[in-house]
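Worksheet: one structure, shown below.
The values are calculated or read from the model by the stated rules, or taken from the named source; none is laboratory data. Since we're looking at a predicted model, the values are computed, not measured. All Cβ positions, glycine included, derive from the backbone under ideal geometry; neighbour counts span all protein chains shown.
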């Protein structure tokens, strides 16, 4: 299978990440592990990406970047120690230990096993390290500067800092490692600082876990006294990092404080939700994320930050503070939403939530993804801006029925979608990728209605659309008789629909493509009409098309008598062979890929005639063409003596001769035709191309106003003098 653009993009992103890890390994320890990373992480993750064809999901990998750093450190240590497994290779030159991996998690497990094995070979030696800070409570911060100190830290903390990957970088002062120690010298937190970037890269507790909150409070206190920028996600719930790279203890924020940056609160236990003060201003966005849990978010009762349960077992309620001001976006993930007051923020994202209540007014652009809307929303909700609902369940609630949509509504991937009777959207309504859609009654859409990749099992009884109605690659049985479309109607790849009722009012063009409609039910007037791959066999006599008419790949054998097309007429692959002499045309006539063999005598084409590629074609006397005849490769052999056209462009055609009194204001291109002579009275206002013909000379009486192109053997009798010198360009 050919790789998709998304797969290529993800693989390129992975390659860049592996390059960065390899560069870090070379800088830290002076070893090259790029090939080992490709044989392990690169091979496994690229296979996973390809199998998902670009799915952005992490496949169960909770923190891939941190895990990759852990794998990097394991590989660096193995190279430094010359571990024997590096020399045991399969026929492709890949170490057997790496070749056996089929999942990313297996590589992480192997790195963990190697870490535990190395850290249990002995006990931590009592090695004195330099104290850089005393907290005054028995705890100190020490700096680790030697290999022995790093190895002792590894044994105590059960991670890989002392297994070789960091020794060279620490000894050359490219990296600094600090450790939080208690009064007995026991380590509790390990900190890595990139000296060149002046950034905190990692803060790890035992076995690479996030440090305990009480330990991290001391770490944060000390780091904020240093000129370091905190540049990682290794902090427990209750802390955040501001725009200056400083750690903020959320519990110590006071009423009216300002947090400068994006405030992210990731919780593993809803009981860890920090208390947010009233009237807090956040200059960025606020994100509260509880993966795997469904607590309840409300602003109804309780002091700021209080936690209480209400009617949902094992769930907690997170109360947003009153007066919260967000200059960025509000994102709630994995929570139970019972919001009464208006949402703060520039935009609202509800992700994997249970939604019971929403504010009476939602002024922001709102996205609801993967949620379960269970409330009856009896008070009603007014959405002032775009609302996007994707991959969510609306079956247990009445969100659509009780809401007012003053802008646009996008409904994507809703498994069982019911549109209630009297449903109204002031802007656009888009329904996409919904396997089952029921319209319970009338629907009114202020702008466009798009139904895409969906199955409409229940049709509306009344449908009014302000602008365009487009149904694409969907199942729909019928349009109701009481359908009003303000501008264009487009039906493309629609199954089951068979007729277009005459009562349907369409203010603009009608386009039907790859849809088995067989009848337009006597409709005679169209603003524009395009029929491609349909079952329509005829149009009504006297039909009038105010714009363009396009016909191709349908069983229509003839055009109706008295047809009026005020725009362009395009006929493609269908059985039509002739244009009735009662046809009136206001624009161009395009017959490419058609079976039409002639136009009627005296037929008027106000603009262009395009007969390119037609096997056989005849232009009878009296035909007028207002602009150009385009006929590359056409089977036309001659033109009538009274023929007049602005430009004649028929290269590669079967044309054998030119009319004797041909006067062309524009260009003539008869390359590769059967013409063997040029009429003495020929006048061409623009350029002329006679190459690859049997023409042997250009008479002096011929006038060419532009560039002349001929073969080098052609004799050109140029006039001795004149108002304009003609310079031939030879082929």
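Being farther than 21 Å from residue 286 by Cβ and part of a strand (DSSP E or B) is the filter here, so list the residues in segment 347-380 that pass it.
Within segment 347-380, 372, 373 qualify.
Would a scan of segment 137-147 turn up a residue that is part of a helix (DSSP H, G or I), surrounded by 11 or more Cβ atoms within 10 Å (Cβ to Cβ), without any contact (Cβ under 8 Å) to a residue 60 or more places away in the chain and not assigned by TED's automatic domain parsing to the domain that holds residue 70?
yes
Is there a residue in segment 224-233 that is touching a strand residue (DSSP E or B) at 6+ places or on another chain (Cβ under 7 Å) and in contact (Cβ under 8 Å) with a residue 40 or more places away in the chain?
No, the conditions are met nowhere in segment 224-233.
Taking the options 681, 693, name whichever one is assigned to a loop (DSSP other than H, G, I, E, B), at pLDDT 95 or above and more than 16 Å from residue 628 (Cβ to Cβ). Outline the logic, then answer.
Working: 681 fails: at pLDDT 95 or above.
Matching residue, one of 681, 693: 693.
Can you name the strands (runs of 3 or more DSSP E) wholly within segment 418-468 that have at least 3 residues being closer than 18 Å to residue 408 by Cβ and touching a residue at least 12 places away in the same chain (Cβ under 8 Å)?
Qualifying strands (runs of 3 or more DSSP E): 423-425, 429-432, 442-445, 449-452, 462-465.
Restricting to segment 381-400, give me the number of residues that are part of a strand (DSSP E or B) and farther than 21 Å from residue 340 by Cβ.
3
Exactly one condition in (1) under 28 Å from residue 112 (Cα atoms); (2) under 39 Å from the mean Cα position of the chain (by Cα); (3) in the same structural domain as residue 157 (by TED's automatic domain parsing) is not met by residue 213; state its number.
Of (1) under 28 Å from residue 112 (Cα atoms); (2) under 39 Å from the mean Cα position of the chain (by Cα); (3) in the same structural domain as residue 157 (by TED's automatic domain parsing), only one is false for residue 213: (2).
I'd like the full set of residues that are under 27 Å from the mean Cα position of the chain (by Cα) and surrounded by fewer than 17 Cβ atoms within 10 Å (Cβ to Cβ), limited to segment 468-493. Give the derivation first.
Restricting attention to segment 468-493, the residues satisfying the condition of being under 27 Å from the mean Cα position of the chain (by Cα) are 468-476, 488-493.
The answer is 473, 493.
Output the residues belonging to segment 663-678 that are in a loop (DSSP other than H, G, I, E, B) and over 21 Å from residue 633 (Cβ atoms).
Once the filter is applied, which keeps residues that are in a loop (DSSP other than H, G, I, E, B) and over 21 Å from residue 633 (Cβ atoms), segment 663-678 yields 665, 677, 678.
For segment 195-215, which positions are touching a strand residue (DSSP E or B) at 6+ places or on another chain (Cβ under 7 Å) and more than 20 Å from residue 129 (Cβ to Cβ)?
Within segment 195-215, 198, 199 meet the criteria.
Can you pull out every residue in segment 267-283 that is surrounded by fewer than 17 Cβ atoms within 10 Å (Cβ to Cβ) and either more than 15 Å from residue 320 (Cα to Cα) or modelled with pLDDT of 85 or more (or both)?
268, 269, 278, 279, 281, 283
Among the residues of segment 498-516, how many are crowded, with 20+ Cβ neighbours inside 10 Å and touching a residue at least 24 places away in the same chain (Cβ under 8 Å)?
Of all residues in segment 498-516, those crowded, with 20+ Cβ neighbours inside 10 Å come to 500, 504, 506, 509-510, 512, 515.
Narrowing the set further to residues that are touching a residue at least 24 places away in the same chain (Cβ under 8 Å) leaves 504, 509, 512, 515.
Residues in segment 498-516 being crowded, with 20+ Cβ neighbours inside 10 Å and touching a residue at least 24 places away in the same chain (Cβ under 8 Å): 4 in total.
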